[in-house]
1. Restricting to the stretch 50-68, name every residue that is more than 13 Å from residue 231 (Cβ to Cβ) and crowded, with 23+ Cβ neighbours inside 10 Å.
2. Check residue 84 against each of (1) modelled with pLDDT under 90; (2) under 21 Å from residue 208 (Cβ atoms) and name the one condition it does not meet.
3. Identify all residues within the stretch 92-110 that are within 17 Å of residue 224 (Cα to Cα) and surrounded by fewer than 17 Cβ atoms within 10 Å (Cβ to Cβ); write none if there are none.
4. Provide a single number: the residues in the stretch 131-165 that are farther than 26 Å from residue 220 by Cβ and modelled with pLDDT of 95 or more.
5. Among the numbered criteria (1) farther than 15 Å from residue 53 by Cβ; (2) crowded, with 24+ Cβ neighbours inside 10 Å, which single criterion is violated by residue 255?
6. Would you pick out the residues in the stretch 74-91 that are surrounded by 23 or more Cβ atoms within 10 Å (Cβ to Cβ) and on the phi < 0 side of the Ramachandran plot?
7. Is it the case, given these coordinates, that residue 199 is buried (at least 18 other Cβ atoms within 10 Å of the Cβ) and at pLDDT below 90?
8. Condition first: assigned to a helix (DSSP H, G or I) and surrounded by 13 or more Cβ atoms within 10 Å (Cβ to Cβ). Can you find one or more residues in the stretch 146-157 that meet it?
């Protein structure tokens, strides 16, 4: 049965303009070779590459943690025909499940909104002016980047500080309590233990809104765009991410001859590690552990 979490573009774009592996048995040597992004590297160098990769793509930590989703994802789309929206959402959801995130089943209220528009700059400018409350969880530096003209895709998040297991102990942006759809005021049809490195709380992404400028993404493939959006959804990701390693996040930075066709080993390994490691680690410890898990996953795949 076709999902109904989308609305048609022709009628709604004007409205938008008016109105987010198991460890090996023996300890490997730092000199053991491993192939990362097509290069044969020593394991220690590969670990450094993975650590730098996470720093390049992940947004600044919140309350000294790397936020991720705790609740199931429910993805909505505005501005696409059903025959395009459905496979796009399906691919993103499949990637979410593959890396360990949860996806809502059946009818659900979208907490991720993908808004496809002919003028992404104007859409974001109107949102910033008319609903500033929606950007409460967005830092000043991030807002500056979001206001840059010509971005093919821009996004922002809402997050909450919770007790482990989901008991809320912090506040979230008021508008995001209403769900991602509230950003556009449009109807949607919806088919631990405390220690030096642990915290009794977790920082969870509660909502994400993506504004996609259709003319500026027209040159990339469907699969590549879907994977780019999936990465941004699943991790609290920098809008200006430009990692040195091979990554889907270079989709709009790479030359035409080097455009990624989908998520790379580094991408999927990072997201898998993000959802595997206990969320209540401090940010620096978490990212170091993620780098180790990334290299293990890449090594096991060879």
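The values are calculated or read from the model by the stated rules, or taken from the named source; none is laboratory data. Predicted model only: the values in this text are computed from it and were never measured. Ideal geometry is used to build each Cβ from the backbone, glycine not excepted, and the neighbour counts take in all protein chains shown.
1. Step one: list which residues in the stretch 50-68 are more than 13 Å from residue 231 (Cβ to Cβ), which gives 50-52, 55, 60-67.
Scanning the stretch 50-68 gives 50, 66, 67.
2. It fails just one condition, (1).
3. Passing the criteria: 94, 98.
4. Qualifying residue count, the stretch 131-165: 0.
5. Residue 255 satisfies every listed condition except (2).
6. Hits for the stretch 74-91 are 74, 75, 76, 77, 78, 85, 89.
7. Working: buried (at least 18 other Cβ atoms within 10 Å of the Cβ): yes; at pLDDT below 90: yes.
Answer is yes for this residue.
8. Step one: filter the stretch 146-157 for residues assigned to a helix (DSSP H, G or I), giving 146.
Now restrict to residues that are surrounded by 13 or more Cβ atoms within 10 Å (Cβ to Cβ): 146.
Within the stretch 146-157, one or more residues are assigned to a helix (DSSP H, G or I) and surrounded by 13 or more Cβ atoms within 10 Å (Cβ to Cβ).
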